[in-house]
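Scroll down for the structure; my scribbles are underneath it.
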Amino acid sequence: MIRQRLNGGEIAFRIVLSALCALIFLAIAYPLYFIVIASISDSTLVSTGKVLLLPKEISFFGYKEIFQDERVWTGYRNTVFYTTAGTLVNLLFTLPAAYVLSRREFRARRFIMFAFVLTMFFNGGLIPTYLLMKDLHLTNTPWVFILPFCVNVFYLIIARTFFESTLPSELYEAAAIDGCSHFVFFVKVALPLSKALISVIGLYYLVGHWNDFFTALIYIRDNEWKPLQIILRDILLSNQVFSGGAGTGGDSGGYAQRYADQIKYGVIIVSTLPILVLYPFLQKYFEKGVMIGSIKG
């Protein structure tokens, strides 16, 4: 094989491009790395800018304070349930609806799709929505995280476009000749061919449920049903009392104030680590499905 010779301009372009990519990577990766080392370093050194590349005066006081709080484990349990059940319900409603709306022989699909899209631009507002949830007896229950918001219209449009562009009509016609119904075709043919779609939309739904705190802030009052994000928010708010200088009269107050930033950065790690651990297992499907729904040239 003959190697292509590069002239000076092409070599310079590749060097500049590589340097630019390296800078972009550092701009994204370093803040994440800094949060990790700051969570185990002395807060005084962090605030004075002496912690840049390596942790100094390592201490796990922040993590100890976080995990000693029993509310954190309750929040983890609730969030895992809301995330798992919510994502399953989301996919259970989104994928069949997208498949039906992608069938050209379904005459009402344009009207129903218009009704879906309309909700992206207009809604009843926060107070009417709260009154509706109250009348449905969903407030202060775990089901308020799962049932009311089970379909994201944007993801529905992506899934519908995927089924329209990826599954040829001839595939269903061949299956129909053998007596295959739409339900059997969807379960045995469409879903196995849609692993990339399911992984990408499932990951989006999962991250949305994991990071959701506004729903709990509005509809949940019982600590037993609060998700992890609200629990960590409460820890941060209580921690600000010490970081602001209150309680410094005693040794314990001063100690808590000194390590206030450790708790703050530790909360960030605790809340994001599970998603970061899960992502590598879905990365190959995410790479295949990231362009789903785009216009093909």
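Against the conditions (1) open to solvent by 30 Å² or more (accessible area, probe 1.4 Å); (2) within 30 Å of Ala190 (Cα to Cα), Phe13 satisfies every one except (2).
Given the criteria assigned to a helix (DSSP H, G or I), among the β-branched types (Val, Ile, Thr) and exposed (fewer than 13 other Cβ atoms within 10 Å of the Cβ), does Thr74 qualify? So Thr74 does not fit the description; no. Counting only helices (runs of 4 or more DSSP H) wholly contained in the range 190-283, the ones carrying 2 or more residues that are modelled with pLDDT of 80 or more and under 25 Å from Ala97 (Cβ atoms) occupy 195-211, 214-219.
Within the range 149-186, the set of residues being at pLDDT below 85, open to solvent by less than 50 Å² (accessible area, probe 1.4 Å) and not in a helix (DSSP H, G or I) comprises Leu167, Cys180.
Of the numbered criteria (1) of a type outside the set (Lys, Arg); (2) modelled with pLDDT under 85; (3) more than 14 Å from Phe149 (Cα to Cα), the one Asn123 fails is (3).
Is it the case that the range 130-137 has a residue that's of a type in the set (A, V, I, L, M), open to solvent by 80 Å² or more (accessible area, probe 1.4 Å) and in a helix (DSSP H, G or I)? Yes, because at least one residue in the range 130-137 is of a type in the set (A, V, I, L, M), open to solvent by 80 Å² or more (accessible area, probe 1.4 Å) and in a helix (DSSP H, G or I).
The C-beta contact set for the range 138-162 (first residue within 30 Å of Arg104 (Cα to Cα), second residue at pLDDT 90 or above and small (Gly, Ala, Ser), distance under 7 angstrom, 6+ apart or interchain) comprises Val151/Ala97; Leu156/Ala97; Leu156/Ala98; Ala159/Ala98; Arg160/Ala98.
The values are calculated or read from the model by the stated rules, or taken from the named source; none is laboratory data. This structure is a prediction, so every number in the text was calculated from the model and none was measured. With ideal geometry, Cβ positions are generated from the backbone for all residues, glycine too; neighbour counts draw on all protein chains shown. Side chains are part of the model used for accessible areas, which takes the heavy atoms of the whole protein and leaves out ligands, DNA and RNA. Shrake-Rupley method; radii C 1.70, N 1.55, O 1.52, S 1.80 Å.
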